[in-house]
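This report concerns only the one structure given below.
The values are calculated or read from the model by the stated rules, or taken from the named source; none is laboratory data. Quick caveat, the model's predicted, so the values are computed rather than measured. Neighbour counts run over all protein chains shown; Cβ positions are idealised from the backbone, glycine included.
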């Protein structure tokens, strides 16, 4: 259960225009995608089918059963995407309400990690060594198991850095290998463990998945075998995904770097150059 108060719920109902069964200007599809990708909840699942099953009632059901962490993800997502889902900039009253609830939820949770704290998380020698051993162990597994175990490893990695990871989930006609939250932004994950470097076709496929999601969704493509030079060149520049290879992971763990610092460096270099893949060694040892 969460610590959202009755008065906070009433104020949220007013700011989100829930009187007629709606929530802001969410459509059924955008409402479903928002909760799936930002909060990690299937809002149209039976537990949220309250009374008429309208978006407003489903949100009320969410408020009844969600955890404080899920509430934080929900509120942070609203702040970031308010203009998209309401058609107007966020008002001072709504901003103050959401920010106030977030601050109170944060102060009430001894296990929460604020965005600023996430940036400073570096792994201990013990945790780093365990993850390196896990990564090396994957090479001894049968090919059929490596991809699945690689996804589990990445979820453990993101958990170690406090990034609220979610395991793989399947949408109609496609699968997403997982997601994590960094600086209030949701990153969708594509993970590949194969013998050959990733080609442009795989990159375009994942970019296509991102194109079907909310306009602010980002992607991280993690390939143990790396990315072919020709594939990166053919893929082009200015896309919404960042690439990491197996050597990036091992170097990050060996040097006990913060994953968030690594991602920030990669995002900045991608913004400066348009290239989705710059090795960790070039970013931190070049």
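Within region 30-56, being under 26 Å from residue 187 (Cβ atoms) and either part of a loop (DSSP other than H, G, I, E, B) or touching a residue at least 60 places away in the same chain (Cβ under 8 Å) (or both) holds for 30, 33, 34, 36, 37, 38, 40, 41, 42, 43, 44, 45.
Looking across 225, 179, 196, 250, one residue alone is modelled with pLDDT of 85 or more and in contact with a strand residue (DSSP E or B) (Cβ under 9 Å, 6 or more places away or on another chain). It is 225. Of the residues making up region 93-113, one or more are in contact (Cβ under 8 Å) with a residue 60 or more places away in the chain and loosely packed, with under 15 Cβ neighbours inside 10 Å.
Restricting region 34-58 to residues that are at pLDDT 90 or above and under 16 Å from residue 86 (Cβ atoms) leaves a set whose member that is nearest to the chain's Cα centre (by Cα) is 34. Per the listing 185, 207, 190, 212, the residue uniquely touching a helix residue (DSSP H, G or I) at 6+ places or on another chain (Cβ under 6 Å) and either at pLDDT 85 or above or under 22 Å from residue 30 (Cβ atoms) (or both) is 190.
Could you tell me whether region 105-127 includes any residue that is in a helix (DSSP H, G or I), at pLDDT 50 or above and not assigned by TED's automatic domain parsing to the domain that holds residue 158?
Yes, some residue in region 105-127 is in a helix (DSSP H, G or I), at pLDDT 50 or above and not assigned by TED's automatic domain parsing to the domain that holds residue 158.
Exactly one residue out of 8, 42 is surrounded by fewer than 20 Cβ atoms within 10 Å (Cβ to Cβ) and in contact with a strand residue (DSSP E or B) (Cβ under 9 Å, 6 or more places away or on another chain): that is 42.
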